[in-house]
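Undergrad: Below is one structure. I have some questions about it.
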Amino acid sequence: DLIQILPNPTTGLFRIVTGNALNIQQIDILDLTGRIILSRKCDSKDDYQFDLSNASEGCYFVKMKMNDETRVHRLVITR
């Protein structure tokens, strides 16, 4: 997979690094109930930084929308 979430688990600060071949248009961070807690429109970069320091400890989903597909990765926030 060309997508990396670093570090994972995280204390809140993390990066999403993608391969240049991927054209991510939007990244949504969802809690376990499916509620979007953060959403970001993307440009042509291959490195996105996020700060979820104020989010509760637990598991989250990182949903990445691309041209013809959607990928979901798990993110763990620890304290």
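The values are calculated or read from the model by the stated rules, or taken from the named source; none is laboratory data. Since we're looking at a predicted model, the values are computed, not measured. Quick reminder, even Gly has a Cβ in these numbers, built from the backbone with ideal geometry, and neighbours come from all protein chains shown. Ligands, DNA and RNA are excluded from the accessible area calculation, which covers all protein heavy atoms including side chains. Shrake-Rupley method; radii C 1.70, N 1.55, O 1.52, S 1.80 Å.
Undergrad: Explain nothing, just the number: dipole magnitude of the chain about its Cα centre with +1 on each Lys and Arg Cβ and -1 on each Asp and Glu Cβ, in debye rounded to the nearest 20.
TA: So the dipole magnitude of the chain works out to roughly 160 debye.
Undergrad: With a 10 Å radius around each residue's Cβ, average the other Cβ atoms per peptide and rank 55-62, 29-36, highest first.
TA: Packing order, densest peptide first, comes out as 55-62, 29-36.
Undergrad: Below 8 Å, C-alpha to C-alpha, sequence gap of six or more: please give me the relative contact order for the chain in percent.
TA: Reported relative contact order: 35 percent.
Undergrad: When the distances between all Cα atoms of region 3-49 are binned every 10 Å from zero, what whole-number percent does each bin get?
TA: Here the calculated profile for region 3-49 is 24, 54, 22, 0.
Undergrad: How many percent of the accessible area of the chain is carbon or sulfur, using a 1.4 Å probe? Walk me through the intermediate numbers first.
TA: Details: 2260 of 4810 Å².
Roughly 47 percent of what the probe reaches on the chain is carbon or sulfur.
Undergrad: Counting only heavy atoms of the protein chains, get the accessible area per residue of the chain (1.4 Å probe) and round it to a whole Å² value.
TA: Accessible area per residue: 61 Å².
Undergrad: For the charge dipole of the chain, defined by +1 on Lys and Arg C-beta atoms and -1 on Asp and Glu C-beta atoms about the Cα centroid, which residue among 16, 70, 29 has the Cα displaced farthest towards the positive pole?
TA: Toward the positive end, the furthest listed residue is 29.
Undergrad: What's the extension gain from residue 68 to residue 51 if we count 0.36 nm per residue and subtract their Cα-Cα distance?
TA: Result: 3.4 nm gained on full extension.
Undergrad: What does the net charge come to around residue 10 if you take all other residues with beta carbon closer than 13 Å to its beta carbon, with K and R at +1 and D and E at -1?
TA: +1
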